[in-house]
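Enquirer: Let me begin by handing over the structure; questions about it come next.
The values are calculated or read from the model by the stated rules, or taken from the named source; none is laboratory data. What you are looking at is a predicted structure, and each value in this text was computed from that prediction instead of being measured. All Cβ positions, glycine included, derive from the backbone under ideal geometry; neighbour counts span all protein chains shown. Ligands, DNA and RNA are stripped out before the accessible areas are found, and what is left, the full protein with its side chains, is counted by its heavy atoms. Shrake-Rupley method; radii C 1.70, N 1.55, O 1.52, S 1.80 Å.
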Amino acid sequence: MLALSLLWIAPMSFGQDNCSLRASDRFGSTPLFDYGGGIAFTVPRFEVDADGAPDSYRVDGKGLSYTCDGITALDAKGRRINKKTDPVHWQERCRAAWAHATTTKDYSHIAIFGFLTDRTTGQPLVQKDGDPLPGVAYLTTTSVSIPGVSGNVQRKWLDANLIPYIVLPVNFVSRYRVKPGAIALVYRPKTDVLTFAVYGDGGDLGEGSVNLHQALKNDPIVVSDGVRRAKQKIPDKIVVVLFPSQAPRISAHAAAWNRAIEDEGNRLLTRLGGGATVKECLKK
């Protein structure tokens, strides 16, 4: 689980009379608004989350995510070393700790949160036969899992390449009682794209899956030294309207779940007066 960001979030300025938006709360520095029974907020940029994608964390380190996106080194007192506690050297210390752990098989000096580990040894679990990338990638997880899928298998988790999901801090989920897979409207004013997503993983406000970025007309994949990485963020404003208690039926089949997301999203748009009305409101 990623730590809550201290990023400053610009306030939203909505015309309450035209849009029926009203200030309702704050989450840290983020103003929240009530809109049609949902929680609306804006972020000045949108990061990429590849967790749950089978190729997110590869054993050779050449996945969509850098290995140190899913682990941290620990200091002598067992505290996590990250970009907030050690802005200059955290990556260097993380890489050194990971190299030591994989060489010695002693994982006690790192914290792994991006992929599954053996409960006894702490050793990361690699995908097996029946998984998309057996022996090639670790079993990467998301905060929301697929009901009815048991065991340590990759299909138990949301695939960032296939499912449009947003990321929410754990205390946000707790405070607003957000259901797993709760639906959200996501609007990018710069491209005038309004699309649908679900709550799928934990982290900072202002982050979404590879699939969601693509729906918002952003190609999140960059190639560095021949390696594909999910690192190209959206540098402009994104507006999210989350409906904490409304969740389309989660399915192990991505196509079926996406159809359910689309159907629920369109019902929301109809209730709110249609896509054009919602866009006009959220772009202000």
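Enquirer: Taking Val43, is it closer than 22 Å to His109 by Cα, touching a residue at least 40 places away in the same chain (Cβ under 8 Å) and aliphatic (A, V, I, L, M)?
Expert: Taking the combined requirement at face value, the residue does not satisfy it.
Enquirer: Has region 9-24 got at least one residue that is out of contact with any Leu (no Cβ under 6 Å at 6 or more places or on another chain), farther than 30 Å from Ala252 by Cβ, outside any helix (DSSP H, G or I) and at pLDDT 90 or above?
Expert: No, every residue in region 9-24 fails to be out of contact with any Leu (no Cβ under 6 Å at 6 or more places or on another chain), farther than 30 Å from Ala252 by Cβ, outside any helix (DSSP H, G or I) and at pLDDT 90 or above.
Enquirer: Looking only at residues that are of a type outside the set (D, E, K, R) and surrounded by fewer than 24 Cβ atoms within 10 Å (Cβ to Cβ) in region 55-66, which one is farthest from Gly135 (Cα to Cα)?
Expert: Tyr66
Enquirer: Here are Ala76, Ala137, Ala111: which of them is more than 29 Å from Trp257 (Cβ to Cβ) and surrounded by 13 or more Cβ atoms within 10 Å (Cβ to Cβ)?
Expert: Result of the check over Ala76, Ala137, Ala111: Ala111.
Enquirer: Quick one: how many residues across region 174-210 are crowded, with 19+ Cβ neighbours inside 10 Å, without any contact (Cβ under 8 Å) to a residue 60 or more places away in the chain and farther than 18 Å from Arg45 by Cβ?
Expert: Of the residues in region 174-210, 1 are crowded, with 19+ Cβ neighbours inside 10 Å, without any contact (Cβ under 8 Å) to a residue 60 or more places away in the chain and farther than 18 Å from Arg45 by Cβ.
Enquirer: If you don't mind, there's one more thing I want to ask. Taking into account only those residues within region 102-124 that are in contact with a Ser or Thr (Cβ under 7 Å, 6 or more places away or on another chain) and part of a strand (DSSP E or B), which is farthest from Gly52 (Cα to Cα)?
Expert: The extreme case among them is Ile110.
Enquirer: Would it be correct to say that Lys283 is open to solvent by 50 Å² or more (accessible area, probe 1.4 Å) and farther than 18 Å from Ile39 by Cα?
Expert: Considered against the rule, which asks whether it is open to solvent by 50 Å² or more (accessible area, probe 1.4 Å) and farther than 18 Å from Ile39 by Cα, Lys283 comes out as no.
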